[in-house]
Structure formats: C-alpha cells, structure tokens
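The values are calculated or read from the model by the stated rules, or taken from the named source; none is laboratory data. The structure displayed is predicted, hence computed values, not measured ones. Don't worry about glycine lacking a Cβ; one is built from the backbone with ideal geometry, like all the others, and counts go over all protein chains shown. Just so you know, the surface numbers come from the protein's heavy atoms only, side chains and all, with ligands and any DNA or RNA stripped out. Shrake-Rupley method; radii C 1.70, N 1.55, O 1.52, S 1.80 Å.
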Amino acid sequence: IFKHYIKMLRHFSTRCCNLLLKRTFLTSTNKPVFGTRPYRESILVSHFCADALSEEKEALDLDKWKSVMRSQAVFQEEKPSRGMETTEDDDDDLATRELVSMWRQAGKRVPQEITEEDLQTLAGLTTKSSRKKYLKYLAIKEDHKQARKEKQQKKKADKEASMKQRKELESSEEEGNQDEHKLKNTMFLQYWNRSLDKLLGWRTAQAMRFGQPIVFDFSYASNMSRKEIENTVSQLMEVEGWNRRATEPFHLHFCNLQPDSHYKKELLKRYGAETWDRLLITSTEQHYIDVFPREQLVYLTADSPNILRSFDHSKVYIIGALVDKSIHSGLSLANAKRLKLATARLPLDEFLHWELGAKNLTLDQMIRIMLTIKDTGKWEEALQFVPKRKHDGFYQRQTQTEVSNDR
C-alpha cells in the first residue's frame with residue numbers, strides 16, 4: 001500500500017510540476033500557482049527537479065516528431081496537387097488534339113501528325129487566328145518533309161534501276177564477247193571499239209591538216225558569270241564530240257583563250273591536262289584576225305541583218321562562245337562591227353514558223369547545223385536540230401498539211 005501511495009504521489013507531483021513550470025515560464029506575469037505560498041513552490045521545484053528535466057527532454061523529442069509529421073503531411077498534400085496538375089495538362093492536350101481533329105475534318109489545312117512539343121506550343125497560343133497560322137505552318141512543313149522523302153525514294157529507285165540496267169548490259173556484253181570469241185575463226189572482219197576511235201581520230205587529224213576551219217571566240221569571259229562559263233564549257237565539250245564523230249569534221253580553233261582565264265581553268269578541270277594536250281583542236285591566245293585573213297571571216301550572230309542563204313566552203317565562220325541562257329543582245333554584232341567583219345545569221349525565219357523566244361541557239365546545236373549544211377547543203381535537213389519547242393514546223397510542210405486538210 002505504501003509503495004502504491006508513493007507512486008500515485010509522484011505521478012501527481014509530476015503533473016503539478018509541469019503546470020508550475022508552464023505557468024511560471026510561459027506566462028507574461030509571474031503569478032503564484034494554485035494560490036500556494038513561495039516556500040511551497042520552492043519545495044515542489046527542488047523535490048521534482050529530476051522529473052522536470054526528464055519531462056523537458058520528452059517534450060523536445062515530441063516537438064521534433066511533430067515537425068517531421070508536419071513535413072510528411074505537406075508532402076502528402078503536394079502530391080495530390082501535382083497529380084491534379086498533370087491531369088489538367090492531360091485534359092488540355094486532349095482538348096487541343098480534339099480541336100485539331102475537328103479542323104482537319106472541316107477541311108482546314110492542319111498537319112496529319114503533331115508532336116507533343118508542337119501540341120504544347122499550340123495550347124499556349126491564345127487567339128484562334130494564331131492557332132490557325134501555326135497549324136498551317138506545321139502543315140506546310142510536313143508537306144515539304146514528305147516531298148523530300150518522296151524525292152529521295154524516287155532517286156533511290158532510279159539509282160537501283162540504273163544499276164540493274166547496267167548489270168544487264170554488262171552481262172549482255174560478256175555474252176557478246178563470248179560470241180565474238182566463238183566467231184574468231186570466221187571470214188567476217190571484226191570491228192572493235194578501238195578501231196572506231198582510230199578511224200575518228202584519223203579523220204580529225206586530216207581535218208586539222210586539210211579541213212575547213214571554224215572559230216570559237218573566247219573573248220566573252222568578262223560578260224558572263226562563273227556558272228555561265230561552266231555551261232559554255234559543257235557545250236564546248238559536246239561540240240568537240242559531235243565534230244569528232246562527223247563524216248567530214250571541221251578544224252576547230254579556240255581563239256582568244258587566255259591561260260589564266262576561267263575558260264581555260266574549267267576546260268582543264270573537265271578534260272584533265274593530259275587529255276587536253278591530246279585533243280585534236282587548235283587553241284591559241286591570238287586573235288582570229290591575226291590568224292586568218294580578214295576577208296575570209298564571217299561572224300555568225302542572231303542580230304545580223306544579213307542572211308546566210310548558202311554555205312561557203314572558202315569562208316571561216318566564227319561563233320561566239322556564249323551560252324543560250326545569257327542573252328546579250330547585240331554584243332557579238334557590236335564586236336564584229338568594231339573589227340569590221342562580215343556578219344550573217346541563220347535563215348530561221350525563212351524556213352521555220354517561229355513561235356516565241358530568242359533565236360539564240362546552243363553551241364552544240366550550232367555545230368550540228370553547220371556540219372549538216374556543210375555535208376548536204378540543205379537547210380531543211382540542217383535546221384532539224386533546232387529545238388521543236390521553239391517553232392511550229394517548216395513553212396513548206398505547214399502549207400502541205402493545210403492543203404491536205406482542205407482536201
């Protein structure tokens with residue numbers, strides 16, 4: 001009984017000490033607690049000092065636990081709020097996608113596929129016009145991307161087709177070579193490619209010695225851009241090829257070809273130095289009036305008032321090394337008048353029903369026309385190399401078709 005009494009007294013005194021400490025140190029004024037006297041207060045404090053300290057430690061641990069619990073509660077509150085934000089964002093994205101789908105069904109120009117980034121950008125726009133413009137921009141961008149993809153696929157398919165065709169040609173050539181080997185002991189003479197090259201080279205070498213010269217004037221480098229000079233060199237390479245394969249080729253003269261000009265650099269780049277030195281042409285820095293007599297020279301220009309009605313084998317015809325895209329009206333005519341040379345133009349208006357466009361022809365077309373008129377003397381055959389997109393046929397043929405239609 002005594003022990004139980006002591007235990008109850010200690011528990012009662014602990015609670016009283018707590019109340020005493022709270023009323024003493026936490027109130028604004030230090031008033032007596034429970035109406036007790038001062039000496040009783042001192043007795044209580046001194047008697048239960050140990051219990052007060054232990055209770056204070058427990059209070060401190062309780063505060064720490066409360067702070068931890070508060071932080072967890074805040075975290076738990078933030079987590080649902082974040083979930084609500086994500087759900088709100090998902091709702092906004094879904095609404096934007098439905099809007100895009102609705103505009104697509106309405107026939108407006110919108111992209112077929114839209115990324116999340118573009119969707120967020122679209123959702124951030126406030127006005128309807130800005131959204132329409134942004135969707136139109138995305139649709140145009142998608143069309144360009146699709147066009148590039150289709151172009152690449154077509155290019156790849158063409159490349160594969162060309163490779164397949166090349167393999168078929170190689171296989172057919174191999175079969176032909178086998179047949180040639182089988183026909184080795186035959187009475188027929190075999191004709192090799194190198195034999196044809198020798199024949200064409202021999203004809204060109206004869207033309208350099210005995211053939212009629214034709215001059216290409218390279219004095220127009222300052223009047224053309226770099227791209228136009230490259231196009232001119234490409235046409236000159238075709239000129240050399242057509243002349244070499246002709247039955248009676250011209251003796252080609254490249255006059256006014258300066259060593260440091262863009263003409264010469266581009267020719268060396270295309271042919272190579274070794275091949276350029278082996279070409280059966282005459283290239284010189286000299287002017288054509290210093291190479292040929294002035295009375296033999298005839299400058300062919302589309303601006304000339306004189307018509308070349310017949311081909312003269314004793315004349316030296318001059319063609320300006322200009323591209324057809326670079327239409328310099330009257331430039332070659334002015335150059336010929338300054339040098340006091342005879343000029344002439346092809347009889348295009350006299351034989352062809354000309355539609356639209358300038359009468360400037362490319363250099364390879366000119367050399368084919370001149371080779372044909374030299375061999376045949378007939379303009380009807382020579383002017384077959386004029387592009388058909390520029391005229392509506394020959395005058396005589398046109399009248400014949402009209403007469404047949406009338407009948």
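Things worth noting here:
- Using a simple spin-label model with pseudo-atoms 7 Å out from Cα toward Cβ, Glu113 and Trp202 lie 6.5 nm apart.
- Net charge over other residues, Cβ less than 12 angstrom from the Cβ of Lys264 (K, R count +1; D, E count -1): 0
- Protection proxy ranking of 144-151, 132-139, by the mean of other Cβ atoms within 10 Å over each peptide's residues and highest first, is 132-139, 144-151.
- Amide H partners (placed H, <5 Å) of Tyr299, local residues excluded: Ile318, Ala342, Thr343, Ala344
- Most tightly packed first, judged by the mean number of other beta-carbon atoms within 10 Å of their residues, the peptides 281-294, 212-225 read 212-225, 281-294.
- At R0 = 35 Å, FRET efficiency that the Cβ-Cβ distance of Glu160 and Arg194 yields, to 0.05: 0.60
- Computed E for Ala106/Lys151 - FRET, C-beta separation, R0 25 angstrom, nearest 0.05: 0.25
- Spacing of the two label points (7 Å from each Cα toward its C-beta) at Asp349 and Lys167, in nm: 5.7
- Rounded percent of accessible protein surface that carbon and sulfur make up, the stretch 210-394, 1.4 Å probe: 48
- Taking Cβ atoms as reference points and 11 Å as the exclusive limit, the residues near Glu295 contribute a net charge of +3, counting Lys and Arg as +1 and Asp and Glu as -1.
- Computed lengthening from Ala342 to Tyr271, 0.36 nm per intervening residue step minus Cα-Cα distance: 22.2 nm
- Against the compact-protein benchmark of 2.2 N^0.38 Å, the Cα-based radius of gyration of the stretch 210-394 scales to 0.99.
- Legend: distances between Cα atoms for Lys265/Lys359; Lys164/Lys227; Lys198/Lys374; Lys156/Lys264; Lys132/Lys227; Lys198/Lys340; pairs beyond 31 Å are Lys164/Lys227; Lys156/Lys264; Lys132/Lys227; Lys198/Lys340.
- Estimated FRET transfer efficiency (Thr127, Leu94; beta-carbon r; R0 22 Å; 0.05): 0.60
- Each residue, Arg309 and Asp260, gets one label point 7 Å from its Cα in the Cβ direction; the gap between the two is 4.9 nm.
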